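As structure tokens, the structure follows; a few thoughts come after it.
Quick note: the coordinates plus some simple rules give every number you see, no bench work behind them. Keep in mind that what you see is a predicted model, and the values were worked out from it rather than measured. For neighbour counting, all protein chains shown are included, and Cβ atoms are generated from backbone atoms with ideal geometry for every residue, glycine included.
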């Protein structure tokens with residue numbers, strides 16, 4: 001509770017600077033890394049002609065939760081605002097995108113490619129190691145249900161992960177229509193949830209346990225057929241041939257998978273992709289191709305980028321049918337993966353040069369030195385006041401600043417400075433303003 | 001209310017894709033511009049060694065509103081979450097930064113320079129043309145109350161505005177301590193709010209009206225002295241001399257202003273800055289230097305970047321005294337200003353080349369062409385399906401894509417493409433894959 005006469009002197013009255021569970025501060029190193037990742041992704045998206053959008057954090061609850069019910073609702077941060085409006089914080093970037101498309105269809109036109117990197121909020125159980133505030137990066141093509149768009153999202157996933165330095169990853173894809181045809185043939189449409197959940201666990205529990213569980217649901221013969229269906233063959237062509245045999249070549253989805261597989265092959269990047277019929281991506285949203293990413297060196301971390309094709313994005317808000325395909329990167333899981341893979345930490349935003357502060361009367365000189373370095377593209381900061389040199393050096397060390405410029409009254413009078421390499425303790429004395437940036441640049445390299 | 005069996009066919013049941021008043025969607029052009037502005041600012045901050053941080057959007061209400069009362073509280077989006085926590089959405093970036101510093105002081109060390117670009121929310125009256133969701137960009141140096149830090153924030157303001165292409169702007173600065181000394185000499189400490197508000201309106205109502213209002217508050221003699229105090233003289237030195245005469249040279253703040261003014265002069269950028277004693281920046285927060293920016297070509301738009309020095313950032317949360325100085329950019333006002341000045345719109349994220357889609361069997365070829373262009377640094381997209389050429393050209397025009405690549409079955413067989421300049425309607429036929437990127441780059445220039 002607020003207390004107007006509380007003062008900082010009165011220790012008991014201090015407010016504890018804590019934040020709610022599931023929320024986090026980003027300290028400079030982590031935040032610099034997050035900015036760097038988003039920037040790299042942005043650059044990939046731009047190369048593909050994807051356009052950025054943004055939507056409000058708060059939307060009308062009816063707009064976000066239109067579909068009603070579901071587990072998500074309980075996790076949504078929802079409240080009544082000053083004006084009595086029933087509002088909620090976005091819990092993903094897909095629903096706001098659907099609303100956005102219905103509202104701005106004429107302005108943006110079709111086909112429309114967008115990316116959106118933004119925070120979303122879910123009041124999930126944090127004991128599962130989840131955050132309540134986290135960042136997603138989504139990219140979608142809407143207004144077409146072509147194979148070309150499916151392929152493009154796969155390419156973009158690959159380039160995104162590659163741009164972040166990821167190696168040894170695979171992207172596994174399948175088609176929900178083909179899977180549904182398999183279930184229909186076995187008379188299992190009504191039990192698809194159970195079958196999907198069982199298949200989803202296969203990677204963890206192994207084939208024999210899965211067979212047992214499937215047999216419990218559908219009988220041993222159907223279990224065998226499902227296991228046959230989801231097995232990855234030597235080549236995409238062999239997998240396709242098997243799927244054709246199991247569900248019939250006329251099934252919509254077989255031809256689509258075949259187009260995608262051969263285009264990936266033609267592009268010489270087939271090796272990154274695996275046609276894997278066990279990929280299903282949940283139930284009620286996707287209708288065509290579905291895909292997940294797997295990091296070879298981190299098999300247990302799960303997919304950092306996944307998605308698929310949907311029939312109609314914005315049916316809640318408009319009668320215009322908007323088929324599309326897209327994927328979502330979970331930035332927090334991705335950052336955890338990069339840290340484990342040693343790909344993190346290269347993007348610290350620290351300055352390269354610290355201008356030491358020796359004399360109050362030289363404040364203008366110090367800032368002039370720093371400005372000249374900056375003009376030469378070298379990040380520089382001025383220690384902001386006269387303190388013991390040991391303290392200024394300790395500051396540079398803590399921040400990871402590799403070089404220092406020293407300029408006392410005598411040097412200032414002579415118009416020169418000394419540059420120090422803080423790592424090797426080498427000094428370069430008598431440098432003129434014109435020589436400083438070049439010498440600094442040499443040492444940074 | 002939700003209705004599970006509502007379908008898109010049933011027009012009456014569609015949800016209107018509207019957003020709450022005071023909130024906005026950012027369409028691609030505007031969002032690309034916002035991203036570009038933040039990126040340019042980031043690059044300036046990095047050159048100065050400022051580090052990025054981030055904090056949660058939701059904080060405990062007690063932490064954000066600790067000071068109690070005040071007009072802000074009524075505008076804060078505050079609610080009780082699932083776990084019964086009293087939480088609120090941040091309404092600025094200063095209070096979360098104070099909480100951040102108290103929580104992470106040992107980790108970040110002092111002095112600490114940070115920048116933070118993020119959305120904040122206030123349920124303000126939108127009739128004043130204000131948004132309820134808007135973006136701020138803050139930068140501060142804490143842990144020092146040196147003149148060097150004051151100077152550095154002024155330099156950073158200047159470089160930030162310059163990096164965005166702003167010209168003809170001035171940054172006006174003053175010192176709250178000097179102003180308070182003036183009021184004290186006149187025995188007006190108790191009426192400082194009235195005096196400040198009257199001075200704040202001077203730019204609008206003119207000197208004579210201001211004199212009348214001040215005389216009503218403090219009598220004609222004091223009114224004359226205040227007007228004398230706030231008048232800008234020919235040079236900073238003359239203004240300083242006058243201030244010394246009026247409040248006494250020993251007043252803390254006179255020496256500080258003098259140091260800052262002479263350093264700006266030494267840096268050769270004194271012309272951007274005006275020592276203007278009428279700058280006050282409200283009442284209860286700032287204790288030292290204060291500053292505002294003015295755009296010469298848009299005198300009525302108000303300050304797009306302002307701030308000042310404060311005595312103690314985080315006294316609500318820690319007994320460690322944290323003096324600092326910083327400024328805040330109102331990104332929405334800045335973007336409005338840039339639009340009016342014709343500085344907006346140069347940062348569209350559109351692709352440079354559209355690969356036309358003529359033949360379903362060539363989908364792999366089209367993506368190969370696009371990938372080759374991207375590898376050469378040229379943003380390219382593939383039209384995602386076979387449609388009439390007129391429709392594909394119309395798409396390119398709407399998106400502002402300047403070039404198209406045409407490749408039909410014959411050309412694909414010959415391994416060549418045609419590049420079209422959509423503006424001049426020139427065509428370049430028979431280009432090999434190796435020649436395409438170079439020719440495209442020439443035409444983009």
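Which residues in segment A:342-383 place their backbone N less than 15 Å from a point set 7 Å from the Cα of residue A:409 along the Cα-to-Cβ direction? Counting backbone N atoms under 15 Å from the label point, the list is A:358-363. Name the residue, out of A:130, A:319, A:211, whose mean-square fluctuation peaks in a Gaussian network model built on chain A with Cα pairs under 10 Å. Comparing A:130, A:319, A:211 in the GNM, the peak value goes to A:319. Across peptide A:22-33, what mean number of C-beta atoms from other chains lies inside 10 Å of a residue's C-beta? For peptide A:22-33, the averaged partner shielding equals 6. Based on Cα contacts under 8 Å between residues 6+ apart, segment A:84-168 shows a relative contact order of 26 percent. Distance to the A-onto-B rotation axis is smallest for one chain A Cβ; residue and value in angstrom are A:79, 2.
When the square roots of the Cα gyration tensor eigenvalues are ordered a ≥ b ≥ c, the ratio a/c for segment B:70-142 is 1.5 or more and a/b does not exceed b/c, which makes its shape oblate. Ascending distances from the residue A:429 label point to its copies in the other chains, with the point 7 Å along the Cα-to-beta-carbon line: 7.5 nm. Averaged over the residues of peptide A:77-84, the number of Cβ atoms from other protein chains lying within 10 Å of each residue's Cβ is 5. Helix-only arithmetic for chain A: the sum of -39500 (n - 2.57) across DSSP H runs with n ≥ 4, divided by the residue total, places the mean residue ellipticity at 222 nm at -12500 deg cm²/dmol.
Neighbouring Cβ atoms from other chains, within 10 Å of the Cβ of residues in B:327-339, number 0 on average. For residue A:270, inter-copy separations between label points set 7 Å beyond Cα along the Cβ vector come to 7.4 nm, shortest first. Entry note, segment B:353-444: relative contact order of 30 percent, from Cα contacts under 8 Å with a spacing of 6+ residues.
From most to least packed by mean Cβ count within 10 Å, the peptides B:363-369, B:103-109 give B:363-369, B:103-109. For the peptides A:141-148, B:257-264, the ranking by packing is A:141-148, B:257-264, with the highest mean count of neighbouring Cβ atoms within 10 Å listed first.
Once C-alpha pairs closer than 8 Å and six or more residues apart are averaged by separation and normalised to the residue number of chain A, the relative contact order reads 14 percent. Taking the label point 7 Å along Cα→Cβ, residue B:84 and its counterparts in the other copies are spaced 3.0 nm apart, in ascending order.
Classify segment A:353-444 as rounded, prolate or oblate from the Cα gyration tensor: take a ≥ b ≥ c as the square roots of its eigenvalues, call it rounded if a/c is under 1.5, otherwise prolate when a/b beats b/c and oblate if not. Rounded shape, in that the Cα axes give a/c under 1.5. Packing around the peptides B:412-423, A:177-188, taken as the average count of other Cβ atoms within 10 Å per residue, puts them in this order, highest first: A:177-188, B:412-423.
Approximating the spin labels as points 7 Å out from Cα along Cα→Cβ, the residue B:130-to-residue B:203 distance works out to 1.8 nm.
Can you bin chain A into rounded, prolate or oblate? Criterion: square roots of the alpha carbon gyration tensor eigenvalues sorted a ≥ b ≥ c, rounded for a/c under 1.5, prolate for a/b above b/c, oblate for the rest. Because a/c hits 1.5 or more and a/b exceeds b/c, chain A counts as prolate.
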